Amino acid sequence: MDFTGTLNDQMRGFYRSKYVCNGESRNMAVTQFEAADARRCFPCWDEPAFKAKFKLTLEVPSDLIALSNMPVVKETVSGPIKTVYYEESPLMSTYLVAIVVGLFDYIESSTSEGTKVRVYTQVGKTNQGTFALDVGVKSLDLYKDYFATPYPLPKLDMIAIPDFAAGAMENYGLVTYRETALLYDELQSSASNKQQVAITVAHELAHQWFGNLVTMEWWTHLWLNEGFASWVSYLAVDSLFPEWNNWTQFLDETTSGLRLDALAESHPIEVEINHASEIDAIFDSISYDKGASVIRMLQSYLGAERFQKALASYIKKYAYSNAKTEDLWAVLEEESGEPVKDLMTTWTKQQGYPVIYAKLNGQYLELEQAQFLSDGSSGTGMWIVPITSCCGSYDAQKKFLLKEKTDKMHIKEFTASQSSDGDKNIWIKLNIDQTGFYRVKYDDELAAGLVNAIKAKKLSLMDKIGIVEDSYALSVARKQTLTSLLRLLNAYHDESDYTVLSHVTSVCLSISKISVDATPDLNNDIKKLLINLLLPAAIKLGWDRKDGESHLDVMLRSLLLIGLVRLGHNETINEGVRRFHIFFEDRKTSLLPPDTRKAAYLAVMRTVSMSNRSGYDALLKIYRETAEPQEKSRVLGSLSSSPDKDIVLEALNFMFTDEVRNQDSYYILGGISLEGRDVAWTWLKTNWDHVLKTWNSSSLISDFINSIVSPFTSEEKAAEVSEFFACRMKPSFQRALKQSLERVRISARWIESIRSEPSLGEAVQELLRGAA
């Protein structure tokens, strides 16, 4: 069959990506076929259930390297063109076929079974592939044992692509990555970059089994691919880097799943897909983060060993074919004897999740479930909820399934023997270590007990995170006051753990933002209170690395300094600016290593205005002079954070130049200052047609809408946005727009509720005096 196609510039199908080699600009040819773009490259039955064996032959310029899923069988050269023949592949879906053609260097290693693993980079960058190669080899060895099935192909290549719409793509035997997701440079990358590379590599390699060997039958079951790969990547990285405390960091995933799924405009994990154009929109926090979180919940309920054995059976049973969600439940049920299908169907076929209301009534703990929604309403959903609880200590735990709307249990059932009833320090914690995908609202007495337990350092890191996240969500939904949330946060004032403080900091920044609109006259005092909360840990760490400090302390320093700059802490801003000037003159100075650079860049941008713009120009100079994508992203993520509207506008227009790759626009969009909201919205309206034409993938367009619409907090603004899009709606961004508008309306209601809190001002003053 003869056909022609286009080597396009849309980052999907068969496309071209620009790179520089020996000073000259060149194009490489790359494929990105998931979800439905193999058809842009060659005629095919482009659906995951139509598995076939692929035997490819390529004709390419003879000086270039041409890679595909399988190893090369032979090459013949005829002048300027060579023909490359590849081995036939096993049965696989079209979306996993891959081709990459360009000039590359590589480094290689082998797994314990002798499988050859390579990392391909741009010429001269192989030293930045060493870390990913090491993680890749170890992950393949780990998964081979975990899934009790050998890696199915003769080789595995991983390659960094300069223009790449997603983070990475698990093509069978030839995994493609954004440069920031694969390359790690000891001198230029931060600790969080390192962690990101490890998690991404582990995620993509898990797909070689979960997704590639066993593939979902249709896109409705996408979560089987993404939820599993996300969950198991934490398992792998935790095994490789136990000191990173990775399972506690997994709560970042759970948090983003819970936040999205509390919207009325969320969707079930298993979502009906009727047209190819709808697929892109479900590569979201539900398929990935909620998917991974309900898997963790099920593993915790069944036990790690039973769960692993069942997964291995599932992989063996469906190898080289397709499966749907029910097939996985059936195998798990058969292996474990537990009612897995009934339990899990409530979590995958209906959207949302419950909040469990817990109240003490004499010697009984009474529980009631209701669907949790951030707008404060109650949905009609009902779940089978795996409840875990402990009282006074983690020694005695009670586990059971809550199948009805209400239930109650006697405290004796889960009280550790040593605590007496009269003990005023008694505390009860539900959802131990946040393994369940639900929130808990405690009555006042139970909530006070948990605050005391936090102060007395009785709770696990995961439980400390769960309490602060639930409390924040309940406050947004107007189920508890901002006053009580601030009192709870105050209990964390001498916390020093990165994982806990990352959640505390994110809640602080959200409170700071909402208070600008809700209580402008209290805003400075609230900021001062939040600064006081983060300052002790930040002072202890300082700006400079110490010998022998842990990976998590390095991440904590960066987190706290960025948080303090965003909260407007003058000393931190001034120190950031001071160090930036030294760094600008001498890029090798030890005063501003990669981990603290983002904080300094943001500090500089807080001081920039049209009449004093040297900091902005200096950052642009750094952007233009660096070849490191991670450094470029740090600069881009700072440019739009100035309080000066005209500078924000300039940063947004910078995206239209050919200096910024389309894939990187979301860094600028994600950094827009609160002061820049209106100018960004006006800019989007003015340039909408151009944006739609230039960033025509669902996920990139959604970034524009989410970043620019969600920060607003009034019904009037929501109406104005709705009106603008009324005649411009497209299916590819419809979900993103509805979710963004819902967020605006939730904020508007939260503001009303905050304004009606009688004792907020007094509480802030009292907490400030306590801190002094």
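The values are calculated or read from the model by the stated rules, or taken from the named source; none is laboratory data. Just so you know, these numbers come straight off a predicted model, no measurement behind them. Cβ: placed from backbone, ideal geometry, glycine included. Neighbour counts: every protein chain shown. Quick note on the areas: whole protein, heavy atoms, side chains included, nothing else; ligands and nucleic acids left out. Shrake-Rupley method; radii C 1.70, N 1.55, O 1.52, S 1.80 Å.
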Filter result (outside any helix (DSSP H, G or I) and either closer than 29 Å to residue 262 by Cα or in contact (Cβ under 8 Å) with a residue 60 or more places away in the chain (or both)) within region 747-772: 756, 757, 758, 759
Can you find even one residue in region 710-717 that is open to solvent by 20 Å² or more (accessible area, probe 1.4 Å), of a type in the set (Gly, Ala, Ser) and not in a loop (DSSP other than H, G, I, E, B)? no
Mind checking whether some residue in region 242-251 is assigned to a helix (DSSP H, G or I), at pLDDT 95 or above, closer than 21 Å to residue 207 by Cα and in contact with a Lys or Arg (Cβ under 9 Å, 6 or more places away or on another chain)? yes
Just give me the residues in region 689-717 being closer than 21 Å to residue 742 by Cβ and over 26 Å from the mean Cα position of the chain (by Cα), in sequence order. 714, 715, 716, 717
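A quick yes/no check of all residues on (1) surrounded by fewer than 24 Cβ atoms within 10 Å (Cβ to Cβ); (2) within 16 Å of the chain's Cα centre (by Cα); (3) over 29 Å from residue 275 (Cβ atoms):
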residue: 189; (1), (2), (3): yes, no, yes
residue: 205; (1), (2), (3): no, no, yes
residue: 214; (1), (2), (3): no, no, no
residue: 223; (1), (2), (3): no, yes, no
residue: 233; (1), (2), (3): no, yes, yes
residue: 236; (1), (2), (3): no, no, yes
residue: 241; (1), (2), (3): yes, no, yes
residue: 247; (1), (2), (3): yes, yes, yes
residue: 250; (1), (2), (3): no, yes, yes
Can you tell me which residue in region 273-312 is most open to solvent (accessible area, probe 1.4 Å), limited to those that are more than 21 Å from residue 147 (Cβ to Cβ) and part of a loop (DSSP other than H, G, I, E, B)? 274
Restricting attention to region 169-176, does a residue exist that is touching a residue at least 24 places away in the same chain (Cβ under 8 Å) and open to solvent by 10 Å² or more (accessible area, probe 1.4 Å)? no
Of the numbered conditions (1) buried (at least 19 other Cβ atoms within 10 Å of the Cβ); (2) part of a helix (DSSP H, G or I), residue 266 satisfies every one except a single condition; which is it? (2)
Criterion: at pLDDT below 95 and assigned to a helix (DSSP H, G or I) - qualifying residue of 732, 740: 732
Can you name the number of the only condition in (1) touching a residue at least 40 places away in the same chain (Cβ under 8 Å); (2) outside any helix (DSSP H, G or I); (3) of a type in the set (Val, Ile, Thr) that residue 589 fails? (1)
Go through region 118-151 and give me each residue that's outside any helix (DSSP H, G or I), closer than 16 Å to residue 184 by Cβ and of a type in the set (Val, Ile, Thr). 119, 121
Only one of 705, 672 that is modelled with pLDDT of 95 or more, among the aliphatic types (A, V, I, L, M) and under 19 Å from residue 620 (Cβ atoms): 672
Need pairs with beta-carbon distance below 6 Å; first residue of a type in the set (A, V, I, L, M) and within region 710-733, second assigned to a helix (DSSP H, G or I) and at pLDDT 95 or above; sequence gap 6+ or separate chains. 718/741; 718/744; 718/745; 721/709
In region 433-449, which residue that is in a helix (DSSP H, G or I) and over 20 Å from residue 511 (Cβ atoms) is farthest from the chain's Cα centre (by Cα)? 445
Could you please find all residues in region 378-388 being modelled with pLDDT of 95 or more and either open to solvent by less than 20 Å² (accessible area, probe 1.4 Å) or closer than 23 Å to residue 713 by Cα (or both)? 383, 385, 386, 387, 388
Restrict the check to region 637-658 and report whether at least one residue is modelled with pLDDT under 95 and part of a loop (DSSP other than H, G, I, E, B). yes
Residues to consider are 529, 534, 564; find the one that is buried (at least 24 other Cβ atoms within 10 Å of the Cβ), in contact (Cβ under 8 Å) with a residue 24 or more places away in the chain and under 23 Å from the mean Cα position of the chain (by Cα). 564
Taking region 450-466 and keeping only residues that are assigned to a helix (DSSP H, G or I), of a type outside the set (S, T, N, Q) and in contact (Cβ under 8 Å) with a residue 24 or more places away in the chain, one is left with 451, 453, 454, 455, 461, 462, 463, 464, 465, 466
